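Following: one structure in structure tokens, then a few remarks.
The values are calculated or read from the model by the stated rules, or taken from the named source; none is laboratory data. Remember, it's a predicted structure, so these values are computed and weren't measured experimentally. Neighbour counts run over all protein chains shown; Cβ positions are idealised from the backbone, glycine included.
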Amino acid sequence: MNIDALSHVKNVAGRPTTKLTHYGRKTGKAYEVTIWFALDGDHLYIGTANVNRQWVRNVQKTPQIKLRIGDEQFEGTTRFLTDRDEHERAMAAIRRKYWMFRPIIEFGRLLYAVALMRDNTGSVEVTLGG
């Protein structure tokens, strides 16, 4: 990640959400979603409980994105994490940041473990430009 961008992200990493601008797979139209994010060292992650959401499908096709965190704006690219260890590292960072929701998140993980619910979680790593 760009050192200058990382410095700015660190200043706003405590904010609760980011506004993610992503682009339609067919139209290229810009869409915005408010979503959780976590900074873990110099890795910026965004996770989802449902990989079938439009924003996830869009960033897989068109990885160029924009983020707005507080008063800071960034441009970057996403990489969908297909490696299970990388995905778990991203989700662990999200669970640490959003600790107040951990009982709900852990309940969902229990339902996955006993096959009462399918694990549709996913995550992306964001690389910010200048």
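Within the option set TYR31, TYR45, TYR23, being in contact with a His (Cβ under 8 Å, 6 or more places away or on another chain) and of a type in the set (Phe, Trp, Tyr) holds for one residue only, TYR31. Just for the range 92-121: of the residues that are modelled with pLDDT of 80 or more and of a type in the set (Lys, Arg), which one is surrounded by the fewest Cβ atoms within 10 Å (Cβ to Cβ)? If we take residues in the range 92-121 being modelled with pLDDT of 80 or more and of a type in the set (Lys, Arg), then ARG118 is surrounded by the fewest Cβ atoms within 10 Å (Cβ to Cβ). Looking at this structure, is ILE65 touching a His at 6+ places or on another chain (Cβ under 8 Å) and either at pLDDT 95 or above or aliphatic (A, V, I, L, M) (or both)? Yes, satisfied.
Between GLY14, GLY41, GLY47, the distinction of being at pLDDT below 95 and touching a Ser or Thr at 6+ places or on another chain (Cβ under 7 Å) belongs to GLY47 only. State all residues of the range 1-18 that are closer than 19 Å to ARG95 by Cβ and not in a loop (DSSP other than H, G, I, E, B); if no residue qualifies, say none. Across the range 1-18, the qualifying residue is only THR18. For the range 18-39, the criterion of a residue being in contact with a strand residue (DSSP E or B) (Cβ under 8 Å, 6 or more places away or on another chain), among the aliphatic types (A, V, I, L, M), loosely packed, with under 14 Cβ neighbours inside 10 Å and farther than 20 Å from ASP119 by Cα is satisfied by at least one position. Annotation: LEU44 fulfils all but one of (1) in contact with a strand residue (DSSP E or B) (Cβ under 9 Å, 6 or more places away or on another chain); (2) more than 24 Å from GLU88 (Cβ to Cβ); the unmet one is (2).
Report the residue count in the range 68-86 for those that are over 12 Å from LEU20 (Cβ atoms), among the hydrophobic types (A, V, I, L, M, F, W, C) and in contact with a Lys or Arg (Cβ under 9 Å, 6 or more places away or on another chain).
Keep residues of the range 68-86 that are over 12 Å from LEU20 (Cβ atoms), which gives 70-72, 77, 79-86.
Within this subset, residues satisfying the condition of being among the hydrophobic types (A, V, I, L, M, F, W, C) are 80-81.
Then keep just the ones that are in contact with a Lys or Arg (Cβ under 9 Å, 6 or more places away or on another chain); that gives 81.
Number satisfying all stated conditions: 1.
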